[in-house]
Amino acid sequence: MVTPPGPVSEPVLRIRDLRVRFRTPGRRVTAVSGIDLDVGQGEILGVVGETGCGKTVTGLSVLGLLPDTAEVEAAELRLLGRDLTSLTDDQWRGLRGTDVAMVFQNPTGSFNPVFTIGAQMRDVLAAHDGLKGRAAAARIHEVLTACAMPDPDRVIGSYPHQLSGGMLQRAMLALALLSRPKLLVADEPTTALDVTIAAQILELILGLQREMGFSVLFITHDLGVVRRVCSRVAVLYAGRVVETAGTADLFRAPQHPYTRGLIAAVPRTHRAAGALATIRGSVPPDPGAIVGCAFRERCELAIERCATERPELRSLVGGQRVACHVATDEAGATVAER
Amino acid sequence: MAATYNQLPSVISERPGFARRAARAIAHDWLALFGLVIIAVVVVAALIGPLLAPSPGDGAGVINVDERMLPPSLAYPFGTDWLGRDMLTRVILGARIALQVSLIVVGLAILIGVPLGAIAGYRRGWLDGLIMRITDLFLAFPPLLLAMAIVAALGPGLQNATLALVVSWWPWYARLARGLAVSLREWPFVDASRAMGIRESSIILRHIVPNSLGPIVVQATIDIGTVILAAGGLAFIGLGARPPAPDWGLMVAEGRQYILEQWWLSTFPGLAIFFTVLAFNLVGDLLLRLLDPRQED
């Protein structure tokens, strides 16, 4: 993979200082505490991090799908240049499916069990494009075929329980692409599938993206998947971006100690058998309450400054950005070089 | 282009349809079969009762003094009453009233209760609170007592009794539908349709309500029997159908003053109520098993 183009001119999605808190009885829990992201035209941006780091919440906030208990604030949240921070319910609805669509983790649960796949796809077309009858049938057939669905005609007349997980995820992808969205939010779309089917779905997303030119916000915890499909990566930890880089750069020279830990923890087949590398400790429960760097408790390189001052994202040579006092001290000298 | 990905085998599984699974279940369950046969008999009696009954005129207040109070015999299998009317005829004609009342009550209760419950359960928040507190208000009284109070206020009669039963029955469906909606709204397909920009009303109508229908249908089947009993109860205490209507509950009530000598006056309508209620309960159990995927075979 060549060095990816950074976000060009006007990004499809632009997020600045996104903060999401959930009201729970008695207290507020911070899920996202100041995230900056850009998804460029035709770019596949990977968002990685472990469970609870805020990646799904970030994805849902782009579609305005967070529950009522969520408080969302952002300095800037723009999709195709349009401000999303003050949309009404109806405006959100008009946007979903047409400008931005989402593919979920669990393909078997993502279809209504009592209607056929075709009926559910027709509902979406009727809601957005006003397509009905033959025109709708033709479009559905076209999208299913583009998604390499075997036997599309029978799939249209089938109920969700008659299809395998891999076929359902293809159908889900087809459903999401029906109205030609500009941005696809894919929330761990391959997690529930077995390895070979997952690989096919990834190839499919890559191929469709090249063909149709939409952008993708690819949420995952699997670095192998990131390496395969993403052009750029944002690593999330405790509700903040700790590092962003082109995929090749990230794997060649990870800067943040957390990213390095993540990459070291990927099991490799050619490595000698033994205990897998892990990152000690676990994600802090409420990142909103943390002073300093949220990772310092688990970090082997932590210095005094990490306990008092929160590291901001800073650019290194080559466009890589990292939020770490240790990695960026002395004018951009990196950990890897020392 | 597409060919490169096309390595996925087409595996569309065939599952026996509802009709085949139903046939198999009935073949193994003679109780359910028994229930279905009785329901079929009641439905036929309700539809073409006047054609089947030996003396259709006896449904009304005909007086036949020569043949009053005859015990069951070949000519009058269920005997005759104090006006000489054939009891078999009156029991057959009673089927229409019983089914009419119970279908109207259960049908209207579903039409009112299910949408309200589905909206409450899907929307949650203040609307949920409002709808469910109103529901609680109705549920605070035992259903039959509430129905009695309403009929007493409106005046006795079959129509008012039906109305009263609807009023005391819908909250149960609202509550059931709300519970189902609360769990269904957490399903990924609801999120998925929201993510596709489907409007809220469509989500409730196309996703929440259809997926709630299984338990609701089962509840309805069982309730048909209960409503027949309740309507009979109202008639028994003089708040339901008025004489000379051939209402089962009313016939039991009218016969009770003769119960020691002319036992057949109350017994046969009573048995008709008993078997109809039993049959609907048996079929309700069958549906429960057929519609609940966890109870597969």
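FYI, it's all coordinate maths here, none of it is from the lab. Predicted, not measured: the structure shown is a model, and the values here were computed from it. Methodologically, a virtual Cβ is constructed for each residue, glycine included, from the backbone with ideal geometry; neighbour enumeration extends over all protein chains shown.
At 7 Å along Cα-to-Cβ for each site, give me the label-to-label distance between residue A:83 and residue B:124 in nm.
According to this spin-label approximation, the distance is 2.9 nm.
Can you give the mean number of other chain Cβ atoms that lie within 10 Å of the Cβ atoms in peptide A:147-157?
The shielding value for this peptide is 3.
Evaluated at 10 °C with a viscosity of 1.306 mPa s, what Stokes-Einstein diffusion coefficient in µm²/s does the stretch A:111-181 have when Rh comes from the Kirkwood expression over alpha-carbon pairs?
135
Counting only other chains, what is the mean number of Cβ atoms within 10 angstrom of the Cβ of each residue in peptide A:103-112?
The shielding value for this peptide is 5.
Extension gain residue B:202-residue B:40, at 0.36 nm per residue separation less the Cα-Cα distance, in nm?
Here the answer is 54.7 nm.
What does the convex hull of the Cα atoms of the stretch A:1-98 come to per residue, in Å³, rounded to a whole number?
118
Output the 0 to 90 degree angle, nearest 10, between the alpha-carbon long axis of helix B:18-27 and the longest principal axis computed from the alpha carbons of chain B.
So the inclination is approximately 50 degrees.
In degrees, nearest 10, range 0 to 90: what is the angle between the Cα axis of helix B:264-291 and the longest Cα principal axis of chain B?
The angle comes out at about 10 degrees.
For a paramagnetic label modelled at 7 Å from the Cα of residue B:48 toward its Cβ, which residues of the stretch B:77-101 fall within the zone defined by backbone nitrogen distances under 20 Å?
Counting backbone N atoms under 20 Å from the label point, the list is B:88-100.
Mind jotting down the three principal axis lengths of the stretch A:47-177 based on Cα atoms? Whole angstrom, largest first.
In descending order, the Cα extents are 47, 35, 25 Å.
What length, rounded to one decimal in nm, is gained on full extension from residue A:24 through to residue A:132, with 0.36 nm per residue of separation minus their alpha-carbon distance?
Contour length minus Cα-Cα distance gives 34.5 nm.
Relative contact order of the stretch B:196-273: what whole-number percent is it, with Cα pairs under 8 angstrom and at least 6 residues apart?
Computed over the stretch B:196-273, the figure is 19 percent.
Quantify how strongly other chains surround peptide A:169-182 by giving the mean number of their Cβ atoms within 10 Å of each of its Cβ atoms.
The shielding value for this peptide is 1.
At q = 0.05, 0.12 Å⁻¹, what is the log10 ratio I(q)/I(0) for the protein assembly as shown, with the Debye formula run over Cα points and no solvent?
Debye curve over Cα of the protein assembly as shown, log10 I(q)/I(0) at q = 0.05, 0.12 Å⁻¹: -0.37, -1.19.
Expressed in nm to one decimal, what extension gain is obtained for the pair residue A:142 and residue A:16 from 0.36 nm per residue of sequence separation less their Cα-Cα distance?
Gain in length upon complete extension: 41.6 nm.
Take the alpha-carbon positions of the stretch A:189-266, form their convex hull, and give its projected area averaged over all directions (one quarter of the hull surface) in nm².
For the stretch A:189-266, averaging the hull's shadow over all directions gives 5.6 nm².
Place a +1 charge on the Cβ of each Lys and Arg in chain A and a -1 charge on the Cβ of each Asp and Glu, then give the dipole magnitude about the Cα centre in debye, rounded to the nearest 20.
So the magnitude is around 260 debye.
Round to the nearest 0.05 the FRET efficiency obtained for residue B:134 and residue A:317 when R0 = 51 Å and r is the Cβ-Cβ distance.
Taking R0 as 51 Å, the efficiency between residue B:134 and residue A:317 is 0.15.
Mind putting a number on the dipole of the protein assembly as shown about its Cα centre? Charges go on the C-beta only, +1 for Lys and Arg and -1 for Asp and Glu, and I need it in Debye to the nearest 20.
780
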